[in-house]
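Accompanying notes for the structure given below.
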Amino acid sequence: MGRWQDEAYFRSRGAGTVPYHSPRFTDLYEDGAWDGEDVWIIGGGPSVKTHDLDLLHGRKVIAVNMGFTVCEPTFIFVGSVLLLQRLSGRLGGGKNVVLDINCPMVVHERAVWNLKSSMGGYVLEVPEDVNSSWGRTVREGVPAFSNSGIMAVNIADILGASRIFLVGFDMQAAKDGKTDNFHNFYPDHMRPPGSHYDSYMQDFERVPKHCKAEVVNCTPDSRMTVFPHMSYAESLEI
């Protein structure tokens, strides 16, 4: 019996309805499953729409949150509680959204705590060591960082990626001063101020110290400067 069958474990973290049967990320992948491979991570910035993501067909791709609507990823990673609430119809009084996907969805444990449901996805656990600064194994899981993008980088690193290419990591506020996404899926009143990107970029500062993989930013005009930069087209050629 693992942690996910332990009702006390969930209730100690404020969960009401315990997702007893939620599969775990360990059921999907083992450490190093993508050893030596290049991995593309598709973020939510508006620049995503400027790329031909069909060119990623057959490659290892992690779509962060709504990234699956613009590409065919290897799997979807959801770390956003707001997104899960929106998909489940809990924001704006909408009905449940039917996800037309043909790949696995991985949901961070933090989102499960808040929504009390994994939406049928594979649950990625949070390390039991609350001081953990970087996830090292599939079983250990990934810390609850400030944003889903850095969590996806940690996942790719655990899976053994050689190089990780970031697409759609603009970190630029919209004209109204709030966060900016290509999909406009969040209601305006739920979009945080663009200053949130500062904390996101601060979190990314830890990546070079901990990540074994080489991380390259392929986002044009990105405010994030911690990684070397190349164009999306160049990432497909090397």
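Listing for the model above:
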read-out: Cross-chain or 6+ apart pairs with Cβ under 6 Å, the stretch 13-38 first and closer than 19 Å to PHE165 by Cβ, then at pLDDT 90 or above and outside any loop (DSSP other than H, G, I, E, B); value: TRP34/LYS60; GLU37/LYS60; ASP38/ARG163
read-out: Enumeration of residues in the stretch 125-139 that are touching a residue at least 60 places away in the same chain (Cβ under 8 Å), surrounded by 15 or more Cβ atoms within 10 Å (Cβ to Cβ) and not charged (D, E, K, R); value: TRP134, VAL138
read-out: Residues of the stretch 208-226 satisfying the condition of being over 23 Å from THR179 (Cα atoms) and not basic (Lys, Arg); value: PRO208, HIS210, CYS211, ALA213, GLU214, VAL215
read-out: Enumeration of residues in the stretch 75-119 that are closer than 26 Å to LEU53 by Cβ and modelled with pLDDT under 65; value: VAL97, VAL98, LEU99, ASP100, MET119
read-out: Odd one out for GLU72 among (1) within 17 Å of the chain's Cα centre (by Cα); (2) modelled with pLDDT of 95 or more; value: (2)
read-out: Matching helices (runs of 4 or more DSSP H) fully within the stretch 134-238 where at least 3 residues are small (Gly, Ala, Ser); value: 148-158
read-out: Residues (of a type in the set (Gly, Ala, Ser) and in a helix (DSSP H, G or I)) located in the stretch 19-73; value: SER47, GLY67
read-out: Test: residue in the stretch 146-157 that is surrounded by fewer than 19 Cβ atoms within 10 Å (Cβ to Cβ) and touching a residue at least 24 places away in the same chain (Cβ under 8 Å); value: yes
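Yes/no per residue for (1) in contact with a Gly (Cβ under 9 Å, 6 or more places away or on another chain); (2) modelled with pLDDT under 95; (3) crowded, with 16+ Cβ neighbours inside 10 Å; (4) more than 22 Å from SER80 (Cα to Cα):
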site: PRO187; (1), (2), (3), (4): yes, yes, no, no
site: PRO192; (1), (2), (3), (4): no, yes, no, no
site: SER199; (1), (2), (3), (4): no, yes, no, no
site: VAL207; (1), (2), (3), (4): no, no, yes, no
site: ALA213; (1), (2), (3), (4): yes, no, yes, yes
site: VAL216; (1), (2), (3), (4): no, no, yes, yes
site: MET224; (1), (2), (3), (4): no, no, yes, no
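The values are calculated or read from the model by the stated rules, or taken from the named source; none is laboratory data. All figures in this text were calculated on a predicted structure; none of them were measured in a lab. Positions of Cβ are backbone-derived with ideal geometry, glycine not excepted, and every protein chain shown enters the neighbour counts.
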